[in-house]
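Have a look at the structure below, then the notes.
Throughout, read-outs are computed from the coordinates displayed, never taken from laboratory work. Every value quoted in this text rests on a predicted model; they were computed, and no experiment measured them. Virtual Cβ from ideal backbone geometry, glycine too; neighbours counted across all protein chains shown.
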Amino acid sequence: MSEVMTVVLYAFRTDKSEAIIRWLKQTRERCRDNNILKNPFNSRFKQLTRKDCLLLVFEVNPLYPNFSVFGWLTGLAIWIIWGWTLWIIPCLFIGCLSVFWSADFYFLMTKLGLRKAGYKGPVKRLKLSQFIQEVVL
């Protein structure tokens, strides 16, 4: 049986800093934790060092399935059958939880983690095409 899993892939560029290297080591250790409450995703990352910057690419597999589609479908069914009612609001709320399976969310959490680790420099998100271009060319 194959499982349908959401894979989130994102890349970003930072300055070389001791705070980043320390944060990467701690992140690598946290990624090895198998407790689903403390670590609700499997992740791996690669770091590439350039002359004045550090390129990072992260792959994140959330362990919880993306259930937000059921909120949208239930809300649509309620709207078709009964029209606009207050029962649609919880369905829309559940549907909006899909943000937790997006690359934007994981990049924001990465950026907040870097700030908490003491890094004050720039963190620029790269499109994957830009990342490949910087690595290959």
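Rounded, prolate or oblate: which fits region 1-64 when a ≥ b ≥ c are the square roots of the eigenvalues of the alpha-carbon gyration tensor, with rounded for a/c under 1.5 and prolate only if a/b beats b/c?
Note, shape of region 1-64 comes out oblate.
Determine which aspartates and glutamates satisfy two conditions relative to LYS120: a Cα distance under 12 Å, and not lying fewer than 8 residues away in the same chain.
By straight Cα distance, LYS120 reaches ASP15, GLU18.
Please rank ASP52, ASP104, fewest neighbouring Cβ atoms within 10 Å first, as an exposure proxy.
Going from least to most buried by this count: ASP52, ASP104.
So what's the chain giving for Cα Rg divided by 2.2 N^0.38 Å, two decimals?
1.31
What whole-number distance in Å separates the alpha-carbon centres of region 75-95 and region 98-137?
34
Shape verdict for region 87-137, please, from the Cα gyration tensor: rounded (a/c under 1.5), prolate (a/b greater than b/c) or oblate.
Verdict is oblate for region 87-137.
Once Lys and Arg get +1 and Asp and Glu get -1 on their Cβ, which of MET109, LEU56, ILE20 lies farthest toward the positive end of the dipole of the chain?
So the residue we want is ILE20.
Rounding to the nearest 20 debye, state how big the charge dipole of the chain is about its Cα centre with +1 on each Lys and Arg Cβ and -1 on each Asp and Glu Cβ.
Dipole magnitude for the chain comes out near 720 debye.
In what sequence do ILE132, ILE78 fall when counting other Cβ within 10 Å, fewest first?
Ranking ILE132, ILE78 by Cβ neighbours within 10 Å, fewest first, gives ILE132, ILE78.
Along the charge dipole of the chain, Cβ charges K/R +1 and D/E -1, which of TRP72, CYS91, SER43 sits furthest on the positive end?
The residue sitting farthest along the positive end of the dipole is SER43.
Quickly estimate the mean residue ellipticity at 222 nm for the chain, helices only: each DSSP H run with n ≥ 4 gives -39500 (n - 2.57), and the total goes over all residues, rounded to 500.
Rounded to the nearest 500, the figure is -14000 deg cm²/dmol.
GluC sites (Glu not before Pro), restricted to region 1-100: which are DSSP loop and have at most 10 other Cβ atoms within 10 Å? Could you put the intermediate results ahead of the total?
Numbers: sites: GLU3, GLU18, GLU29, GLU59; in loops: GLU3.
When the GluC sites (Glu not before Pro) of region 1-100 are filtered for loop state and at most 10 Cβ neighbours within 10 Å, GLU3 remain.
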